[in-house]
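Everything on this sheet refers to the single structure shown next.
The values are calculated or read from the model by the stated rules, or taken from the named source; none is laboratory data. All values reported here derive from a predicted model rather than from experimental measurement. Here the Cβ positions follow ideal geometry from the backbone for every residue, glycine too, while neighbour counts run over all protein chains shown.
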Amino acid sequence: MWYSNIFLRLYTQVLENHSLANDVTEEDVQKAIEDMHKIYQGDPDSLSKNSSCLTDFNKVAYRCAYLHKYAAFHAALAYEATSRALTENPLALHSTLQSVLSFKRPLKICSLGGGPGTDVIGVLSALHDKLDFFPTSAVVVDIMAEWKSTLSSVIRELRSGNGNYGVFVSQCE
């Protein structure tokens, strides 16, 4: 699980940068984590019936809490799921990817509810790890508009070269 450390390093650095740039304290993040636990714990209907119960990720403290608590884990889950799909049923997936690539166009990925791009980072990392580099294009859509600034921070960190993220840098546009 070499990739877990890379994801953790990436999102920790983004969390630190995002917290400093927005004057978010550790106490703010801790309070946001506690609020998130209260929202998602207990009532199974809280995620499906009443959107007012959703965590307000337009608030920077909640985005920082997500980066701290879930981002690296979610990227690793996406990596693992994609990696398994590529290794356990390689012919079906490889032939699909080859047909997409034969048109000399990038593979297009759309992430709905993608927040800071954790699933895109995980999927692209697995594709690169298992199949090497090929052109891709990703769109991340989220109902909480402020995720865009956090995703921009993730992309800036990947491009900076400071973290030695390896394969990720060549995949971010």
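Before moving on, here are some points about what is shown:
- Here the condition is being crowded, with 21+ Cβ neighbours inside 10 Å and among the hydroxyl-bearing types (S, T, Y); of Y79, Y70, it holds for Y79 alone.
- Among the residues making up the stretch 84-110, those that are touching a strand residue (DSSP E or B) at 6+ places or on another chain (Cβ under 8 Å) and either on the phi > 0 side of the Ramachandran plot or in contact (Cβ under 8 Å) with a residue 12 or more places away in the chain (or both) are L97, L101, P106, L107, K108, I109, C110.
- Residues that are out of contact with any strand residue (DSSP E or B) (no Cβ under 8 Å at 6 or more places or on another chain) and not in a loop (DSSP other than H, G, I, E, B), drawn from the stretch 121-145: I121, G122, S125, A126, H128, D129, K130, L131
- Answer residue from the stretch 1-28, given it is aliphatic (A, V, I, L, M) and surrounded by fewer than 18 Cβ atoms within 10 Å (Cβ to Cβ) and is nearest to A71 (Cα to Cα) among those: L8
- Enumeration of residues in the stretch 108-143 that are exposed (fewer than 13 other Cβ atoms within 10 Å of the Cβ) and among the charged types (D, E, K, R): K108, D132
- Verdict on A71 being in contact with a Lys or Arg (Cβ under 9 Å, 6 or more places away or on another chain), part of a helix (DSSP H, G or I) and modelled with pLDDT of 95 or more: no
- Checking each residue in the stretch 86-120 for being within 20 Å of A71 (Cα to Cα), in a helix (DSSP H, G or I) and either of a type outside the set (V, I, T) or touching a His at 6+ places or on another chain (Cβ under 9 Å) (or both) picks out T118, D119.
- Note on the stretch 88-139: residues that are modelled with pLDDT under 85, under 19 Å from R159 (Cα atoms) and among the hydroxyl-bearing types (S, T, Y) total 1.
- Filter result (at pLDDT 55 or above, touching a Lys or Arg at 6+ places or on another chain (Cβ under 7 Å) and under 19 Å from V123 (Cβ atoms)) within the stretch 148-173: T150
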